[in-house]
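Contents: one structure, followed by commentary.
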Amino acid sequence: MIRCSKICTAAFLFAGLSFEAAFAADWYAKEHRWAGHDPDIIRYEDGYVLATTDNHMLMQFSEDALNWKNGDPAMPEFSKWLYKYAPNMIDIWAPDIHYVGGEYRMYYCGSEMGIRSSGMGFMSSKEIDPTKPGYGWTDQGEVIHTVKSDSYNAIDAAVLKDLDGKVWMAFGSWGTGIHILELDETTGKVKSGAKMKNIANRGGAGVEGASLIEHNGKYFLFTAWDNCCKKGADLENNSYKTTVGRSNRIDGGYVDRSGKALLDGGGTILLNRYGRYYGPAGGEAFEDVNRLRFVNHYYDKNDGGNSYIQVRDLVFTEDNWPEMGQPFLGRYLSAEAEHGILTHVDISSSSKASNGEFCAYINYDDSKIRLPMIIPQAGDYLIRYRYDNNWTEDGANGSSHFVDINGKTQEVQLPLTGAWSEFPEKSVVYIPTKLKRGSNFIEITKGKHYAELDRLDFLRIIRDTIPANGFDNGIRVRLTDKDELAIKDGGYAIFENVITDSIVGAGVSVQVKNSAGGVLNLRKESKKGDVISKCELPTAGESKWVEVKCSNMPKLEGVQDFYLTADGLGGETLVGNIKFSEADTGSVAIREGSRALSSMPGMTYDRSNAVVQLANDAPWSLFDMNGVVVKQGYGHEIRLNSVTRGMYLVRSSNRTLRINR
């Protein structure tokens, strides 16, 4: 087990940096509630399309899957054929959107609550973007139907094309559970001669809301169990939950994580009631540009049980089982403790906590908070760990948590903050760590005494390179089959939480391929934020990587979000690494920090002679940007001739000076 030394060193070291003065975004999240039930999302070039139940298939649009706006309903008048099978239907349920057969298809159902008088059909549109020619939904009529006497129910479609190019539709609700049929890709309807198969069955207990996704050669069937739709005075009877099973083939053989067959009632529970979030289920898995995600609804206890949507990452373990990540609250590289997988931990409320909630009573030997996270860029990080505590039984000046990051456990010392449920700004320690590209798992358990936990933020320690394929999200971007970032005109890629203090210099260059002119701008804080470096691209369209020199950055401090924006591009351009170096003196915007002499009260760095002068004899330490001590000593002069070139921090007499050797 790793003890406190490196953690304490890092907390001591980075306390001198300007994280709180210049930061990427407000460290407090606030939930953006968007009403919906049985949601489905499809990603397209310029953002996301959402469809939900009971609104004539109202099309809803968002650039970021957080801030939504309403479009027009796809079916303003219900198709007459539905009334043949569901004469008392009230509205359309459970839409499911896919791009298949060269068009967008939205499968839907009409039914009557509690009986199997149901019909399923689909609508089609050549475009999903309402601003483009070809947008407009046409009903293609019935796919299948059921009647009251059937043992299965024709609702809740889930369509997926398998690795062999066959198209399938899973469906069903209660009764004999979930069934699957092969579809004809050309017509969108049941393939001639297709035989229906039962793939999940709970012996009459509640199972519905199927969703299918493929990952690393396996097929995953998500379902919703038990009772939905309870609200108001009946909310406590809402037992809806999300489960999953896995198979080597799409049309059967699904088992849960313990090996129990879904046909025998098996299913691994991924989401269940927690805090005010009742019935988190009824969702769909979908593919984003650089991750798989899941959209579900939940019933808010604080709002009478009304339903709202959550968008989460699917985070896969090394043995290829999914876990549910955080509901997206606007930041990719952050985690709210209350939205973790919780064991013997309470969720409490406070206006001082991020999103108004935090984890309390992490007091027991079996208390645990598990946080599955997608991290698009591998490398060195600082975890900003926001906690509070007030007293200890033995009068000690702090408590601790054990923090396990991908199997490596550290005991994190948590100095007293002087209050419970308050989370003052001093309620932060920084944990240096290495994170993997893709799935990461953080587990927090009790250490010494007690502390509450609010939020974790993951800060990138960037020195000389940002790999462009490590972007968090964006629009008009994609990852190629060679794992390269491709960007189109008007697009942008987001890189959250960059520690600018660790960047080696103000010089910037970018690797590009297949460019046809235009400009890539590196901006801070938003897609329309200040340009900090401008890269004019060649028009030759080289099929090999070309390194383009960009303008120098200005002086930056603290943690910033970077946005790479594309303007005037002649086509799709591939982007490799964004590289940083010493400032190019022939370029503009020379970084103030590149001057020969830098100083602060009590310390002066003479770069030309590679020496730091202190005002008086005193103990001093020289750290690299990982918080590791490179040199220590006592005196008023620190000679750096033997130190490798790069960024360092000098610490003496409670002062910290950042230097570029």
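Laboratory data are not the source of any read-out in this text; all were calculated from the coordinates shown. Computed from a predicted structure; not experimentally measured. A quick note on method: Cβ atoms are made from the backbone with ideal geometry, for glycine too, and the neighbour counts reach across all protein chains shown.
Most tightly packed first, judged by the mean number of other beta-carbon atoms within 10 Å of their residues, the peptides 300-306, 154-160 read 154-160, 300-306.
State the answer as a single residue: which of Thr539, Gly571, Asn552 lies farthest towards the positive end of the charge dipole of the range 465-581, with beta carbon charges of +1 for Lys and Arg and -1 for Asp and Glu, about the Cα centre. It is Thr539, whose Cα lies furthest towards the positive end. Taking the centroid of alpha carbons for each part, the range 106-124 and the range 136-166 are 8 Å apart. Spin-label model, Gln632 to Ser351: label points 7 Å out along the Cα-to-beta-carbon direction sit 4.6 nm apart. Kindly identify the range 97-167 as rounded, prolate or oblate by the Cα gyration tensor criterion: order the square roots of the eigenvalues as a ≥ b ≥ c, call it rounded if a/c is under 1.5, otherwise compare a/b with b/c, prolate if a/b is larger, else oblate. Oblate. Model label points for Glu45 and Ala396, set 7 angstrom from Cα along the Cα-to-Cβ axis, are 5.8 nm apart. Beyond 25 Å in Cα-Cα separation lie the following of the pairs Lys218/Lys482; Lys189/Lys231; Lys84/Lys191; Lys197/Lys218: Lys189/Lys231. Seen from Ser399, the other residues with C-beta closer than 14 Å to its C-beta sum to a net charge of -3, counting Lys and Arg as +1 and Asp and Glu as -1. Of the trypsin sites (Lys or Arg not before Pro) found in the range 182-211, those that fall in a DSSP loop while having at most 11 other beta-carbon atoms within 10 Å are Lys195. The separation of the range 359-413 from the range 226-277, counted between C-alpha centres, amounts to 29 Å.
Protection proxy ranking of 463-475, 69-81, by the mean of other Cβ atoms within 10 Å over each peptide's residues and highest first, is 463-475, 69-81.
Counting only residues at least eight positions apart within a chain, or on another chain, the aspartates and glutamates with an alpha carbon under 17 Å from that of Lys301 are Glu31, Asp234, Glu236, Glu338, Asp346, Glu357. Between Asp72 and Asn198, the distance separating the two model label sites (each 7 Å from Cα on the Cα→Cβ line) works out to 4.5 nm. Per-peptide packing, taken as the mean over residues of other Cβ atoms within 10 Å, places 128-137, 173-182 in the sequence 173-182, 128-137 from highest down.
Where does helix 5-14 land angle-wise versus the long Cα axis of the chain, in degrees 0 to 90, nearest 10? With both axes taken from Cα atoms, the answer is about 80 degrees.
Structural descriptor for the range 204-269: relative contact order 24 percent, calculated from alpha carbon pairs under 8 angstrom and at least 6 residues apart.
Exposure proxy for Ser149, Ser652: other Cβ atoms within 10 Å of each Cβ, ordered fewest to most, give Ser149, Ser652. Length available on full extension from Asp288 to His32: 0.36 nm per residue minus the Cα-Cα distance, which gives 90.2 nm. When the square roots of the Cα gyration tensor eigenvalues are ordered a ≥ b ≥ c, the ratio a/c for the range 213-299 is 1.5 or more and a/b does not exceed b/c, which makes its shape oblate. Applying 1/(1 + (r/R0)^6) with r as the Cβ-Cβ distance of Glu112 and Arg249 and R0 = 41 angstrom yields a FRET efficiency of 0.75. Which of rounded, prolate or oblate describes the range 40-328 when judged by the alpha-carbon gyration tensor and an a/c cut-off of 1.5? Rounded. Amide H contacts for Phe286 (H built 1.01 Å from N in the peptide plane; partners 5 or more residues away or on another chain; cut-off under 5 Å): Arg293, Phe294, Val295.
Stretched out straight at 0.36 nm per residue, the stretch from Asp184 to Tyr83 would grow longer than its current Cα-Cα span by 33.9 nm.
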